[in-house]
1. Give me the residue from region 24-38 that is without any contact (Cβ under 8 Å) to a residue 24 or more places away in the chain and of a type outside the set (Ser, Thr, Tyr) and, out of that set, nearest to Glu10 (Cα to Cα).
2. Going through region 121-174 one residue at a time, which ones are of a type in the set (A, V, I, L, M), out of contact with any Pro (no Cβ under 7 Å at 6 or more places or on another chain) and outside any helix (DSSP H, G or I)?
3. Read through the list (1) free of Cβ contacts under 8 Å to residues at least 24 places away in the same chain; (2) crowded, with 18+ Cβ neighbours inside 10 Å, then give the number of the only condition that Gly86 fails.
4. So, in region 104-120, of the ones that are out of contact with any helix residue (DSSP H, G or I) (no Cβ under 7 Å at 6 or more places or on another chain) and part of a helix (DSSP H, G or I), which residue ends up farthest from Asp93 (Cα to Cα)?
5. Let me spell it out: the conditions are (1) in contact (Cβ under 8 Å) with a residue 40 or more places away in the chain; (2) over 22 Å from Ile156 (Cβ atoms), and Leu78 meets all of them except one. Which number is the exception?
6. For region 14-32, which positions are surrounded by 14 or more Cβ atoms within 10 Å (Cβ to Cβ) and either assigned to a helix (DSSP H, G or I) or small (Gly, Ala, Ser) (or both)?
7. Please state which one of Gly46, Gly13 is more than 25 Å from the chain's Cα centre (by Cα), of a type outside the set (Val, Ile, Thr) and at positive phi.
8. Given the criteria closer than 27 Å to Lys8 by Cα, out of contact with any Cys (no Cβ under 7 Å at 6 or more places or on another chain) and basic (Lys, Arg), does Arg59 qualify?
Amino acid sequence: MAFARAKKREPMGEAGLFDYAVAALSRRMRTERELRRLMKARACEGAAGDADMDRVVARLVELNYLSDTRFAQDYTRLRKENQGFGRRRVAQDLGARGVGKELADAALDQAFGETDEVELARAYCERKRIAKPEEPKAVQRVMGRLMRAGYSSGAIYKLFRSWNVEPPEEGGDSDQYQTSPEF
C-alpha cells in the first residue's frame, strides 16, 4: 500500500503565520531559528515570505513570546536537572537548536557555575543505575556513556578514582608517539 502524498498547502500571509507560530510556541519552547524553519514551509516563497516571517518574529519578540535568552536558560536548567547531562552535552544541544555561542555560554555559566561536575556525574550514574565497573571493558563502556552525557574526562577520572577503579590510559602506548632528539 503506497502512502498518500501530502496535500500542497496554500501559502499563508502574515496573520496566518502569526497564528501558526503562536500555536507552535504553545506546544513547545523553540528558538527563533527553529520557528523560522517551521514557518518557511508555510510562508509565501521569495522576499514577501521572508518579510512576513521577519514581521512575525519581531512581533513575537515584542510580545515576549519568543526569546532565545529565556530558551537557553530554561533548556540548560531542565537538561541539567531532569536528564542530568553535563556542560558539554548541553552546549552541543543548544548549538544544534540555533542558540548563539554567547547566549549559550551565559546560560551554561549560570546553570553550571558552582556545580561540582564529579557529584553531577555520580548522581547521573545513580539515576541511570550505572554500577561500578569491574573489568576493563566495563570501564570503557561506562566512560563512553559518561562522555556522551557531556562530562569532562577529568571529572570521569576523578569519579573512577573515588570508586577505586583504574581508569583507561589516555594515550595508549606512550612510546609510539615519541619523537627523536635530532628534530
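The values are calculated or read from the model by the stated rules, or taken from the named source; none is laboratory data. Quantities reported herein were computed from a predicted structural model and do not represent experimental measurements. Using ideal geometry, Cβ is built from the backbone for each residue, glycine included, and neighbour counts are taken over all protein chains shown.
1. As a first pass, look at region 24-38 and keep what is without any contact (Cβ under 8 Å) to a residue 24 or more places away in the chain: 24, 26-28, 36-38.
Still in the list and also of a type outside the set (Ser, Thr, Tyr): 24, 27-28, 36-38.
On the way: Ala24: 18, Arg27: 23, Arg28: 24, Arg36: 17, Arg37: 17, Leu38: 15 Å.
Checked region 24-38; the qualifying residue nearest to Glu10 (Cα to Cα) is Leu38.
2. Ile130, Ala131, Ala149
3. (1)
4. In this case the residue turns out to be Glu119.
5. Leu78 satisfies every listed condition except (1).
6. Looking only at region 14-32, we keep the residues that are surrounded by 14 or more Cβ atoms within 10 Å (Cβ to Cβ), and these are 14, 16-18, 20-22, 24-25, 29-32.
Hits for region 14-32 are Glu14, Gly16, Leu17, Phe18, Tyr20, Ala21, Val22, Ala24, Leu25, Glu32.
7. Gly46
8. No.
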